[in-house]
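**Q** Sharing a structure, written as structure tokens. Questions coming.
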Amino acid sequence: MRLPPKEYEQFSQLYNRLLYFCAEKADILAEGITLKDWGWMPWEAKLDTRNHLYENPFMFYQFVEESRPRLSEEEREIIFDFQQSFVKSDFYVVNYGAKHAIFISSKEHVPYGVLALNRPFEEVITEKLPTIIITVLLPWKGKIIFDGMIERFAIVFGSGINSSVRRLYTKATAEHGIITSI
């Protein structure tokens, strides 16, 4: 399942503004790069910015304070929800269901039901499942989404690891259920 197009557009615009702000404050951007230019920046620059943001979560608050006149109350609440509830981790991606994909944090072993953004997960994560990725999960209007950036590992799981991940999935869902809101 994916976000509805209007929600995807709202998320995309707000998150890009947040990352652009962070890139400006962290001096990641070259002089004269505009928000419009940001959309064409190399993926690596966006990833560096994303990682900087989550290593310095005070920047969420700073973004809200400095952008207050241009943010709606709903947008301010969304940003504060991101700050308080994000989950940045390595995740095992176990399966794609009708309602969401199942991401299990590799450290806490918590299974999350995650919605795709504008493209189905099968198009975004093309590796054979289960696989492992690094991403950030975010709360979004009572659901869980990912931030649109995925770091991949250049590994293929053999049958032993596949079995271990499947057992982890069974145990984690028995203990926690599938978390669909953070």
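Any read-out appearing in this document is the output of simple, stated calculations on the displayed coordinates, not a laboratory observation. Just so you know, these numbers come straight off a predicted model, no measurement behind them. FYI the Cβ positions are ideal-geometry reconstructions off the backbone, even for glycines, and counts take in every protein chain you see.
**Q** Using only DSSP helix segments of four residues or longer, with each worth -39500 (n - 2.57), what per-residue ellipticity at 222 nm results for the chain after dividing by its residue count and rounding to 500?
**A** The helix contribution divided over the chain gives -14000 deg cm²/dmol.
**Q** With a ≥ b ≥ c the root eigenvalues of the C-alpha gyration tensor of the chain, is it rounded (a/c under 1.5), prolate (a/b larger than b/c) or oblate?
**A** It comes out prolate by the Cα gyration axes.
**Q** Post the alpha-carbon centroid distance, the stretch 47-116 to the stretch 1-43, in whole angstrom.
**A** Here the answer is 14 Å between Cα centres.
**Q** How far is helix 5-25 tilted off the main Cα axis of the chain, in degrees rounded to 10, range 0 to 90?
**A** It is inclined by approximately 60 degrees.
**Q** State the answer as a single residue: which of Gln62, Tyr169, Thr34 lies farthest towards the positive end of the charge dipole of the chain, with beta carbon charges of +1 for Lys and Arg and -1 for Asp and Glu, about the Cα centre.
**A** Final value for the positive-end residue is Tyr169.
**Q** While we're here: Using a cut-off of 16 Å between alpha-carbon atoms, which lysines can reach Lys46, once sequence neighbours fewer than 8 places away in the same chain are excluded?
**A** Qualifying lysines at Cα under 16 Å: Lys25, Lys36, Lys88.
**Q** If you average the sequence gap of Cα pairs under 8 Å that are 6 or more apart and divide by the length of the chain, what percent do you get for the contact order?
**A** Value for the chain: 21 percent.
**Q** Mind listing the long-range amide H neighbours of Leu3? Cut-off is under 5 Å, sequence gap 5 or more, other chains count too, H placed in the peptide plane at 1.01 Å from N.
**A** Ala116, Leu117
**Q** I would also like to ask the following. Pop out the ³J(HN,Hα) list for the stretch 91-104 in order, Karplus 6.51 cos²θ - 1.76 cosθ + 1.60 with θ = phi - 60°, rounded to Hz; leave Gly and Pro as x.
**A** These are the phi-based 3J(HN,Hα) values: 10, 7, 9, 9, 7, 10, x, 5, 9, 5, 8, 9, 10, 10 Hz.
**Q** A further question follows. For Leu137, what residues show an amide H to amide H distance below 5 Å, using hydrogens built from the backbone and excluding near sequence neighbours?
**A** Val87, Lys88, Ser89
**Q** Which whole-number percent is the relative contact order of the stretch 86-176 (Cα, under 8 Å, 6+ apart)? Mind dumping the intermediate values first?
**A** Working: 150 pairs, mean separation 27.1, N = 91.
It rounds to 30 percent for the stretch 86-176.
**Q** May I ask you to list the lysines whose Cα is less than 21 Å away from that of Lys128, ignoring any residue fewer than eight positions away on the same chain?
**A** Candidates past the 8-residue exclusion: Lys99.
**Q** What's the angle, to the nearest 10 degrees (0 to 90), between helix 43-55's Cα axis and the longest principal axis of the chain?
**A** So the helix axis and the longest Cα principal axis differ by about 90 degrees.
**Q** While we're here: Can you give the FRET efficiency for Phe80 and Glu127, using 1/(1 + (r/R0)^6), R0 = 25 Å, r = Cβ-Cβ distance, to the nearest 0.05?
**A** That pair, Phe80 with Glu127, gives E of 0.15.
**Q** Continuing with this model, one more query. Which of the three applies to the stretch 28-93, rounded, prolate or oblate, going by the alpha-carbon gyration tensor with a ≥ b ≥ c and a/c under 1.5 meaning rounded? It would help to have the intermediate numbers written out before the result.
**A** Working: a/c = 1.94, a/b = 1.03, b/c = 1.88.
It comes out oblate by the Cα gyration axes.
**Q** Sticking with this one: Neighbouring Cβ atoms within 10 Å as the yardstick, rank Glu75, Glu108 fewest first. Spell out each step's value before the answer.
**A** On the way: Glu75 18, Glu108 11.
Placing the least packed residue first, the sequence is Glu108, Glu75.
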